[in-house]
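J.: Sharing a structure, written as structure tokens. Questions coming.
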Amino acid sequence: RMRDEPLQQLLADAATKLGVVARGQNYPHLVQKLIVQGLIKIEENDVTVYCRSDDVATVKEVLPAAVAEYVEIMERESGIK
């Protein structure tokens, strides 16, 4: 029980900070970079992106650029182009 209280406070603080980050002007760029990083890490052809309901529009907006960036990185790293 003593450990639960600090953990709950930590989660509440993180949620508050995430709200601040999500309202920042660089948030779409962050989302794009996170998608690219995820694509690189999982190395799959078919991917489903899950996000908060608040972020659906942002993800839809940055997804084409994220995919293009991922393709460019993979081509460069593999020496295909």
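The values are calculated or read from the model by the stated rules, or taken from the named source; none is laboratory data. Values in this document were obtained by computation on a predicted structure and should not be read as measured data. Please note: Cβ atoms are built from the backbone with ideal geometry, for glycine as well, and neighbour counts cover all protein chains shown. Surface accessibility is based on the protein's heavy atoms, side chains included, excluding ligands, DNA and RNA. Shrake-Rupley method; radii C 1.70, N 1.55, O 1.52, S 1.80 Å.
J.: For Gly19, are the conditions met, namely being within 30 Å of Ala68 (Cβ to Cβ), over 14 Å from the mean Cα position of the chain (by Cα), small (Gly, Ala, Ser) and open to solvent by less than 90 Å² (accessible area, probe 1.4 Å)?
T.: In short, yes.
J.: Is it the case that the stretch 2-15 has a residue that's in contact (Cβ under 8 Å) with a residue 12 or more places away in the chain and either surrounded by 10 or more Cβ atoms within 10 Å (Cβ to Cβ) or of a type in the set (Gly, Ala, Ser) (or both)?
T.: Checked the stretch 2-15: no residue is in contact (Cβ under 8 Å) with a residue 12 or more places away in the chain and either surrounded by 10 or more Cβ atoms within 10 Å (Cβ to Cβ) or of a type in the set (Gly, Ala, Ser) (or both).
J.: Something else now. Tell me which of these Lys33 doesn't satisfy, since it passes every other one: (1) assigned to a helix (DSSP H, G or I); (2) modelled with pLDDT under 95; (3) in contact with a helix residue (DSSP H, G or I) (Cβ under 9 Å, 6 or more places away or on another chain).
T.: So the condition that Lys33 fails would be (2).
J.: A further question on this structure: Could you grab me the full set of residues in the stretch 42-81 that are within 12 Å of the chain's Cα centre (by Cα), at pLDDT below 95 and part of a helix (DSSP H, G or I)?
T.: Scanning the stretch 42-81 gives a single hit, Asp55.
J.: Any residue in the stretch 54-81 that is more than 13 Å from Gln32 (Cβ to Cβ) sitting within a Cβ distance under 7 Å of a residue that is of a type outside the set (Val, Ile, Thr) and open to solvent by less than 70 Å² (accessible area, probe 1.4 Å)? List the pairs, counting only those 6 or more apart or interchain.
T.: Asp54/Ala22; Lys81/Glu75
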